[in-house]
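Visitor: One structure, pasted below without further comment.
The values are calculated or read from the model by the stated rules, or taken from the named source; none is laboratory data. All of these numbers come straight from a predicted model, not from anything done at the bench. Glycine also receives a Cβ, built like all others from the backbone with ideal geometry; neighbour counts cover every protein chain displayed.
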Amino acid sequence: MMKQQKSLSLRLIRSILFASYTDSFCAGSTITVFFVFTMAAITISQLISLSSDSDKATNAAASIFVVIDRELKIDPSAQEMY
């Protein structure tokens with residue numbers, strides 16, 4: 001329940017933020033340029049914060065394939081029990 005409230009409040013805050021950006025585009029060229037740079041900076045910072053997660057996912061996938069591709073120490077076709 002708490003996670004849903006955080007998610008909802010984050011969505012509401014971002015919606016208000018982008019609505020204010022949209023309103024500022026109609027105000028004039030100086031304010032428009034300022035908010036374009038602000039939006040670009042926010043987007044870049046969000047992408048940079050996600051890059052570590054992407055690296056972790058790549059490393060996790062690589063380790064999974066190492067486990068799958070390793071050679072077994074036990075012969076699965078052997079009839080004897082050890």
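Visitor: Does at least one position in the stretch 13-23 carry a residue that is touching a helix residue (DSSP H, G or I) at 6+ places or on another chain (Cβ under 8 Å), of a type outside the set (Phe, Trp, Tyr), in a helix (DSSP H, G or I) and modelled with pLDDT under 75?
Guide: No: zero hits.
Visitor: Determine whether PHE34 is at pLDDT 75 or above, out of contact with any Phe, Trp or Tyr (no Cβ under 6 Å at 6 or more places or on another chain) and surrounded by 10 or more Cβ atoms within 10 Å (Cβ to Cβ).
Guide: Details: at pLDDT 75 or above: yes; out of contact with any Phe, Trp or Tyr (no Cβ under 6 Å at 6 or more places or on another chain): yes; surrounded by 10 or more Cβ atoms within 10 Å (Cβ to Cβ): yes.
Judged against the criteria, PHE34 is a match.
Visitor: Output the residues belonging to the stretch 30-51 that are of a type outside the set (Val, Ile, Thr) and more than 12 Å from the chain's Cα centre (by Cα).
Guide: Filtering the stretch 30-51 down to residues of a type outside the set (Val, Ile, Thr) leaves 34-35, 37, 39-41, 45-47, 49-51.
Residues satisfying the conditions are PHE34, PHE35, PHE37, MET39, ALA40, ALA41.
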